[in-house]
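Okay, so here's the structure we're looking at.
Every number here is computed from the coordinates shown, using simple stated rules; none is lab data. Just so we're clear, the structure is a prediction, and the values are computed from it rather than from any experiment. Don't worry about glycine lacking a Cβ; one is built from the backbone with ideal geometry, like all the others, and counts go over all protein chains shown.
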Amino acid sequence: MVKKIIDLQHLVKAFGEQTVLKDINLTVRTGEIVGLIGPSGAGKSTVIKIALGMELASGGSAKVFGTKMPSRMLLGQIGYMAQTDALYMSLSGKENLKFFGLMKGIKRRILPVAIKHVTEVVDLTDDLEKKVSGYSGGMMRRLSLAIALLGNPKLLILDEPTVGIDPALRRQIWAELGRIRDAGHSILITTHVMDEAEQVDRVALLLDGKVMAFDEPVALKNEYKVNSIEDVFLKAEGVE
Amino acid sequence: MRAIAIMSRVLKELFRDKRTLALMFIAPILIMVLMSIIFNTNSSTDVNIGTVGITKTLNNDINGTKHVSAKKYNNNSIAKKALKNDKIDAIINKKGNEYHLTYANTDSTKTATVKLAFKNALIVTNIDQLKNALKQSTEATMKLKAQLREKQNQSAASPVADENSVINSSKQGTPKIVNTYIYGDKNTGYFAKMLPILMGFFVFFFVFLISGMALLKERTTGTLDRLLATPVRRSSIVFGYMLSYGILAIIQTIVIVITTVWLLGMEVVGSIAAVVFINLMLALVALAAGILLSTFANSEFQMMQFIPLIVVPQIFFSGLISLDSMPNWIRIISYIIPLKYSGDAVNLIIMKGTPLMDLFFDISILLVFLVVLTILNIEGLKRYRKV
């Protein structure tokens, strides 16, 4: 049975006079990576904030794990990584992981094992005792991802996870995301790097507060009769 | 449980920021030592005294004192006008055998100087008078002896008149002194009055600013969003902050109290624990206010802009300056100033030894501030997560 982990139906969000999201229909199923692409200001972060329960939808429904958002307890099953690294600079990598682990509700007994696992995944084991202020940009990004992975959440919501990361590391992260997906977890990822959009299972094109197209990358390319997602994107924007 | 984890994280961050820590502990000590030096030992102030109806010798004796000048006024009302216009700092008015001293008392060092100068001058004059009296009485005795000798020879009446004059002169030696203060009373030492309020002010200032900055940083770096993306309760975040800054405020108050008691020789009549308790309450109010206001600031600099708006007025309404003679609306403002209540309470504990039980009113007002601000903070976090 393929379950809908995230289910957004006819989502509308207005901030005062300004309507940011007009009609968003988006689903993330078990064991798939869904990419959300769109120009900056299209409302990608707002979609994520509604999915996390940080913002309330003005209309339509937002369900995660079949429960209407916002729901505080559900957050324990979601791993979230924001655009900014959001780390405590004066603490060490390990202290950051420990703190967020406790916040996620991971028991103190199993926390060391969980930390060991995620640091191996992002290859930070050797630098765990160092203060984050001494980390490079890439290391901070990896630590941030490790925090999102803590507690083995069934759903990962990643907001531009590969910004400012060198190509080798980006490939590494994508390989890891693939493994996580294969383990049966779901991932919602925003990006504006178009070749990353090629690697997701389904891609949603967000434009002007609406999902213009939502399908597998190959299907989209066929539909728009172009060779890359970038061209799909440009064409969709041109049509609009 | 999560609140404890948040507390230990906030404390860890704080104790790694050595400069901020130094600011919290060393800056108040430095400022208080400086203030005690400046306000307490400023002995070279020049004082002007207006005198009415006192003897020329006394006037000259007062004038002879260093940094003091005396000016004769014809009557008391002219002198009072001069006092009101700040031309003189005190009036010495002799009424019969009484000296009426009126002090402006806006500067306690000046008042002290006047008292000292007057006392010294009076002693000098008295000694002169005594000398005269002694001379008179010696002369009288001589006379008596001569008379006695004559009387022995002649055996006649008693020397009543002479005895009376001796008694009169000795009566004059102890005149009555009446002190009047335009502002305050004889206990008003400037620094003594300032200290309890200053103590509270430092606690308020640093906790307000540092906690506000800390939460602002959480918001701008995105750690607050990340924190709220976990199942943590909004209240746990607020309580975690309260616990950590509460601990910090306790340490800070103890350091300040120890400094003032040992280094500056301040006398605390009541219990030091009670002083710490009141300052802890104030710190928690400051923390809640700092967190609440930080949501209205978008940068560290905007947070600094609350200093003249929120922090500095605390001083004016804290009881440092008597509000009794001020217009009503100013007194109304003072009721919403937390530092007023903690200043009142700490003042009573330090100067009169009032136990905490009798400070129920001040404590409960602080508690109301704390509860209201805390609820506002927990509700305010809804801006960042709707549940």
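For helix B:272-294, report the angle its Cα long axis makes with the longest principal axis of the Cα atoms of chain B; keep it between 0 and 90° and round to the nearest 10°. Between helix and principal axis, roughly 50 degrees. Helix B:160-171 and the long axis of chain B differ in direction by around 20°, with both axes built from C-alpha atoms.
When a/c is below 1.5 the answer is rounded, else prolate if a/b is larger than b/c, else oblate, so apply that to chain A with a ≥ b ≥ c taken from the square roots of the Cα gyration tensor eigenvalues. Since a/c reaches 1.5 and a/b is larger than b/c, the shape of chain A is classed as prolate.
The phi-based Karplus calculation (6.51 cos²θ - 1.76 cosθ + 1.60; θ = phi - 60°) puts the 3J(HN,Hα) values of the stretch B:295-303 at 6, 8, 10, 9, 8, 4, 5, 5, 5 Hz, whole numbers, x for Gly and Pro. Note on chain B: Cα-only Rg and Dmax are 31.3, 121 Å. Counted by neighbouring Cβ atoms within 10 Å, the residues A:His192, A:His185, B:His67 run from fewest to most as B:His67, A:His192, A:His185. With chain B treated as a Gaussian network of Cα nodes joined by springs under 10 Å, which of B:Leu248, B:Leu195, B:Leu130 yields the largest mean-square fluctuation? Sorting by GNM fluctuation, first place goes to B:Leu130. Residue-wise HN-Hα couplings along the stretch B:121-132, as the Karplus relation 6.51 cos²θ - 1.76 cosθ + 1.60 with θ = phi - 60° gives them from phi, are 4, 4, 5, 4, 4, 4, 4, 4, 4, 4, 4, 4 Hz; Gly and Pro carry x. Taking amide H as placed 1.01 Å from N in the peptide plane, the amide H of A:Val211 sits under 5 Å from that of A:Asp23, A:Asn25, each at least 5 places away or on another chain. Overall, the protein assembly as shown carries a charge dipole of about 2140 debye about its Cα centre when +1 sits on the Cβ of Lys and Arg and -1 on the Cβ of Asp and Glu, all other atoms neutral.
Helix B:190-221: angle to the longest alpha-carbon principal axis of chain B, degrees 0 to 90, nearest 10? Between helix and principal axis, roughly 10 degrees. Relative contact order for chain B: 19 percent, from Cα pairs under 8 Å spaced at least 6 residues apart, divided by residue count.
Annotation: amide H of B:Tyr73 within the under-5 Å range of B:Thr51, B:Val52, B:Gly53, sequence separation 5 or more or interchain, hydrogens built in the peptide plane. Neighbour counts of C-beta atoms inside 10 Å place A:Glu95, A:Glu176, B:Glu139 in the sequence B:Glu139, A:Glu176, A:Glu95, starting with the fewest. For trypsin sites (Lys or Arg not before Pro), the sites in the stretch B:1-70 that DSSP calls loop and that have at most 11 other Cβ atoms within 10 Å are B:Lys66. For chain B, a Gaussian network of Cα nodes joined below 10 Å ranks B:Leu116, B:Leu148, B:Leu309 by mean-square fluctuation, and the top entry is B:Leu148.
Projecting the Cα positions of A:Phe15, A:Met194, B:Val368 onto the charge dipole of the protein assembly as shown (unit charges on Cβ atoms of Lys, Arg, Asp and Glu, taken about the Cα centre) puts B:Val368 furthest along the positive direction.
For the stretch B:330-336, putting each phi into the Karplus relation 6.51 cos²θ - 1.76 cosθ + 1.60 with θ = phi - 60° gives couplings of 5, 5, 5, 4, 4, 5, 9 Hz, in residue order, rounded to whole numbers and with x for Gly and Pro. What is the sum of charges, Lys and Arg at +1 and Asp and Glu at -1, for the other residues whose Cβ falls under 15 Å from the Cβ of B:Val275? Every neighbour counted, the sum reads -3. Taking the centroid of alpha carbons for each part, the stretch B:209-242 and the stretch B:265-293 are 24 Å apart.
Overall, the anisotropy analysis places the stretch A:42-88 in the oblate class: the square-rooted eigenvalues a ≥ b ≥ c of its C-alpha gyration tensor yield a/c not less than 1.5, with a/b not exceeding b/c. A P(r) calculated from all alpha carbon pairs of the protein assembly as shown, with 20 Å bins opening at zero, reads 16, 32, 22, 14, 9, 4, 2, 0 percent.
Cross-link pairs exceeding 28 Å between alpha carbons, from the set A:Lys130/B:Lys18; A:Lys98/B:Lys382; B:Lys119/B:Lys340; A:Lys49/B:Lys12; A:Lys68/A:Lys94: B:Lys119/B:Lys340; A:Lys49/B:Lys12; A:Lys68/A:Lys94.
For A:Leu36, the residues whose amide H sits under 5 Å from its own are A:Ile189, A:Thr190, A:Thr191, A:Ala204, ignoring neighbours fewer than 5 places away on the same chain, with H placed 1.01 Å from N.
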